Amino acid sequence: MDTVSYTERRSKIEDYFDRTAVQAWARLTSDAPVGRIRATVRAGRDRMRNTLLDWLPADMTGMRLLDAGCGTGALAVEAARRGAQVLAIDLSPTLVDLARDRQPAELTSEHSVGRIDFRSGDMLDAALGEFDYVVGMDSLIHYQTQDAVRVIAGLTERTRKGLLFTYAPSNPALIMFRAVGRLLPRSDRAPWIEPVAESKLYRLLDTDASFKGWQRGRTQRISSGFYTSQALELIRK
């Protein structure tokens, strides 16, 4: 992995979500009314989250899950309700604070089997320990394909059963939106969403020695207006 490009992009993502976009993100991930475009994004994210949850065990009692790029914590909450011990981490301390505030009281009760440990930091921090499952929903879409694959490889080293992640599949509409975004004032720009060609992604996964002992599982594309994302499951053999 190109450490410089990864670190620079990570810094831009942290700055954007912790400052520029935090209010919009808080609204998007709530029940508050939003405009037509953001409504399609909200619906798409809901469908994607439900897809990833469907791929996880219905009973996660005794299992440890890493929600890598947890945002405001919706997926972490549902996993904890299944009994999982969830470590939910995000680059943005502000979003993590919001996720912690939104955590249902039932999960903070001494009688709750599932728990969530919210933290701000880097998903690749080895000090986070090992996990049965890792989920990265839309947390890698701003990284170039090679960097994203190296992040995934780093996560598999600490994953015992399965890793689920999403990427932005390359398509003409995404490429056009990306080009238009470059015309915005630099202060208003979100970090680029990096289009990923499935053939290139699969080739990197198949040829990287880090994925020996892993196999591709289910895949699902979710398209909802201005939201398009592809989920992929990696399973330890």
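With the Cα gyration tensor of region 34-167 giving a ≥ b ≥ c as the square roots of its eigenvalues, does the rule (a/c under 1.5 for rounded; else a/b larger than b/c for prolate; else oblate) give rounded, prolate or oblate? It would help to have the intermediate numbers written out before the result.
Numbers: a/c = 1.42, a/b = 1.05, b/c = 1.35.
Rounded, since a/c falls under 1.5.
Take the chain, connect every pair of alpha-carbon atoms lying under 10 Å apart with a spring to form a Gaussian network, then pick out the residue of Ser199, Ser112, Ser92 with the largest mean-square fluctuation.
It is Ser199.
Mind checking the log10 I(q)/I(0) for the chain at q = 0.09, 0.16 Å⁻¹? Debye, one equal scatterer per Cα, no solvent, two decimals.
-0.36, -1.24
DSSP loop trypsin sites (Lys or Arg not before Pro) in region 99-152 with at most 15 other Cβ atoms within 10 Å of their Cβ, which ones? Working shown, then result.
Numbers: sites: Arg100, Arg102, Arg115, Arg119, Arg150; in loops: none.
Counting only loop positions with at most 15 other Cβ atoms within 10 Å, none of the trypsin sites (Lys or Arg not before Pro) in region 99-152 qualifies.
Please order Ser5, Ser224, Ser139 by the number of other Cβ within 10 Å, starting at the fewest.
Details: Ser5 13, Ser224 17, Ser139 22.
The fewest-first ordering by Cβ neighbours comes to Ser5, Ser224, Ser139.
For labels at Ala126 and Glu110 in the simple 7 Å Cα→Cβ model, what's the distance in nm?
Roughly 3.8 nm, to one decimal.
Region 204-237 to region 29-85: how many Å between their Cα centroids?
So the two Cα centres are separated by 18 Å.
Please arrange Tyr143, Tyr227, Tyr202 by counting, for each residue, the other beta carbons lying within 10 Å of its beta carbon, fewest first.
Numbers: Tyr143 24, Tyr227 20, Tyr202 13.
Exposure proxy ranking, most exposed first: Tyr202, Tyr227, Tyr143.
Quick check on my link table: of Lys200/Lys237; Lys161/Lys200; Lys161/Lys237, which ones sit more than 19 Å apart, alpha carbon to alpha carbon?
Over 19 Å Cα-Cα: Lys200/Lys237; Lys161/Lys200.
Where is the GNM fluctuation largest for the chain (alpha-carbon springs, 10 angstrom cutoff): Asp67, Asp31, Asp90?
Asp31
Hey, what did the chain get for relative contact order, percent, Cα under 8 Å, at least 6 apart? Could you put the intermediate results ahead of the total?
Numbers: 411 pairs, mean separation 49.6, N = 237.
Relative contact order comes out at 21 percent.
How much net charge surrounds Tyr202 when only other residues with a Cβ under 12 Å from its Cβ are counted (Lys, Arg +1; Asp, Glu -1)?
On the way: positive: Lys200, Arg203, Arg216; negative: Glu198, Asp206, Asp208.
Summing Lys and Arg as +1 and Asp and Glu as -1 gives 0.
Coordinate-derived values only; no laboratory data. On a predicted model such as this, the values are computed, not experimentally measured, just so you know. Virtual Cβ from ideal backbone geometry, glycine too; neighbours counted across all protein chains shown.
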